[in-house]
Amino acid sequence: MSGKEVKSKSILFTYTGLSSFVKNDYLLLSSEHQVHKYHFSPVKGLLKNIIEILRQFFFLLIFGWKYDLFYCWFADYHSFLPILFSKIFRKKSVVVIGGYDVCRIRKLKYGAFCSPFRGWFCAKSMRLATAILTVSNHVDRKAKAIAPFTKRTMIYNCVTLESPDETTPFKTDTILTVGLINNERTYHLKGIDTFIETARLLPGFNFEIVGINQSKLAHKLGNLPRNITLYDKVKPHELPAFYLKAKIYCQLSRSESFGVSIAEAMTFGAFPIVTREGGMPEILGSVGAVVERDPQSVASVIKDRLLKHGASDENEIKVQIKKHFTQQQRAESILHLIKAL
């Protein structure tokens, strides 16, 4: 044997979009295993989707036997064939459930299970997989209802941004929210309407929305209060500048399986205010505030908080993230899961 380290498993990593949390899993798996990325490109239109599925089918038919484990981020159209081929080749499979894949909000037409056809692919992927990996207890409960006999492991998403250990000396009375808000559905899903109405009640404070597509949502943004500043989508390395100065971070979503931006803001000591939806309260633990999605209630908490903000609270907020949501914790848990399969 040569001195070169031998990777323990060959993994096919299937994904539809390389978001920060998906990329993080790819990198941590690659630290100990040979990982091959497979990008399933989501497209609109039945014919185009069939072509993409056929492309995946022939890839798996020709090359699928080479892999020891099939790792899919999200359950959906793209996960069904890898999970099915893992059964055919008698290999192991993991599907990461992120939230959309177990969700159904008919009013907003949000969630895979709004479509019975799409929901079938999600449910079959979860039921056929060797293991389900969920990102919060909220998601875990939903996954259990859909696939009660599949092994499940809950491993929280993590924060990849780093902040200084000391308290932040230049925080301002800024109330921040961050999200990918590029259409009317995500506008309501992320509770931007409630955030704007809260700002209207507090004209003496500064509110910022980061990640909103102002051109596509111009019809929703025509009568904004003067104390709101809008920013289009920014690059990940630009987010710390916003988190550093914000004393308060608000996530007033109507659905949120975890909430990476909440944990990121808390990493920089921002006081979190969230609605009682999904996995958001799990991130806060004993810090921050969980509120009803009502502008008056949110405004009351903001006013009370800005009068009492202190460095000791900022440290407690940072400790909550360091105790539960670090890259190291997620890496150790996932690598342990893969080893045990």
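No lab work stands behind these numbers, since they all come straight from the coordinates. Computed from a prediction, not measured in an experiment: that's the story for all the values here. Here the Cβ positions follow ideal geometry from the backbone for every residue, glycine too, while neighbour counts run over all protein chains shown.
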TODO: Note the angle between two axes, namely the Cα long axis of helix 192-201 and the longest principal axis of the Cα atoms of the chain, as a number of degrees from 0 to 90, rounded to the nearest 10.
DONE: 10
Task: Part-to-part distance (alpha-carbon centres) for the stretch 135-164 and the stretch 260-297, which is given in Å - done: 18
TODO: Starting from the amide H of G279, placed 1.01 Å from N in the peptide plane, find each other amide H under 5 Å away whose residue is 5 or more places distant or on another chain.
DONE: E256, S257, F258
Open item on the list: Mean-square fluctuation check for the chain, GNM, Cα pairs under 10 Å: which of A246, A147, A265 is largest?
Closed with: A147
Open item on the list: Using Cα springs under 10 Å in a Gaussian network model of the chain, which residue among Y38, Y71, Y100 shows the largest mean-square fluctuation?
Closed with: Y38
Open item on the list: Can you list residues from other chains, or at least 5 along the same chain, whose modelled amide H is less than 5 Å from the amide H of D173?
Closed with: none
- [ ] Could you tell me, in Å, what Rg and Dmax come out for the Cα atoms of the stretch 172-324?
- [x] 14.2, 42
TODO: With a/c under 1.5 counting as rounded, go ahead and sort the chain into rounded, prolate or oblate using the C-alpha gyration tensor (a ≥ b ≥ c being the square roots of the eigenvalues; past the cut-off, prolate if a/b is larger than b/c, else oblate).
DONE: prolate
Task: Longest site-free stretch - the chain; sites: trypsin sites (Lys or Arg not before Pro), DSSP loop, at most 16 other Cβ within 10 Å - done: 110-215
TODO: Calculate one ³J(HN,Hα) per residue across the stretch 58-69 by plugging θ = phi - 60° into the Karplus curve 6.51 cos²θ - 1.76 cosθ + 1.60, and present them in order as whole Hz with x for glycine and proline.
DONE: 5, 4, 5, 4, 8, 10, x, 4, 6, 9, 7, 8
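So if a site counts as exposed when it's one of the GluC sites (Glu not before Pro), its DSSP state isn't H, G, I, E or B, and it has at most 13 other Cβ atoms within 10 Å, what's the longest stretch of the chain without one?
Looking at the chain, 6-161 is the longest stretch - no exposed GluC sites (Glu not before Pro) with at most 13 other Cβ atoms within 10 Å.
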Open item on the list: Between 0 and 90 degrees, rounded to the nearest ten: what's the tilt of helix 137-146 against the longest Cα principal axis of the chain?
Closed with: 40
- [ ] Pull up the DSSP beta bridges for the chain and report the antiparallel fraction as a percent, rounded to 5.
- [x] 5
- [ ] Round to the nearest 10 and give me the degree value, 0 to 90, for the angle of helix 116-128's Cα axis relative to the longest principal axis of the chain.
- [x] 60
Task: the stretch 266-281 - phi-based ³J(HN,Hα) in whole Hz, Karplus 6.51/-1.76/1.60, Gly and Pro as x - done: 5, 4, 9, x, 6, 6, x, 10, 10, 8, 7, 10, x, x, 4, x
Task: DSSP-assigned coil residues among chymotrypsin sites (Phe, Trp or Tyr not before Pro) in the stretch 112-208, each with at most 16 further Cβ atoms within 10 Å - done: F149, F170
Open item on the list: Explain nothing, just compute: Karplus ³J(HN,Hα) = 6.51 cos²θ - 1.76 cosθ + 1.60, θ = phi - 60°, for every residue of the stretch 315-325 in order, whole Hz, x for Gly and Pro.
Closed with: 5, 5, 5, 5, 4, 4, 6, 5, 7, 10, 9
- [ ] Search the structure for amide H atoms under 5 Å from the amide H of M154, placed 1.01 Å from N in the peptide plane, and list their residues when 5 or more places away or on another chain.
- [x] T134
Task: Above-threshold pairs, the threshold being 22 Å between Cα atoms, out of K235/K303; K216/K247; K247/K318; K37/K91; K9/K151; K48/K235 - done: K235/K303; K216/K247; K48/K235
Open item on the list: Counting only other residues whose beta carbon sits under 14 Å from that of V210, what net charge do I get with K and R as +1, D and E as -1?
Closed with: 0
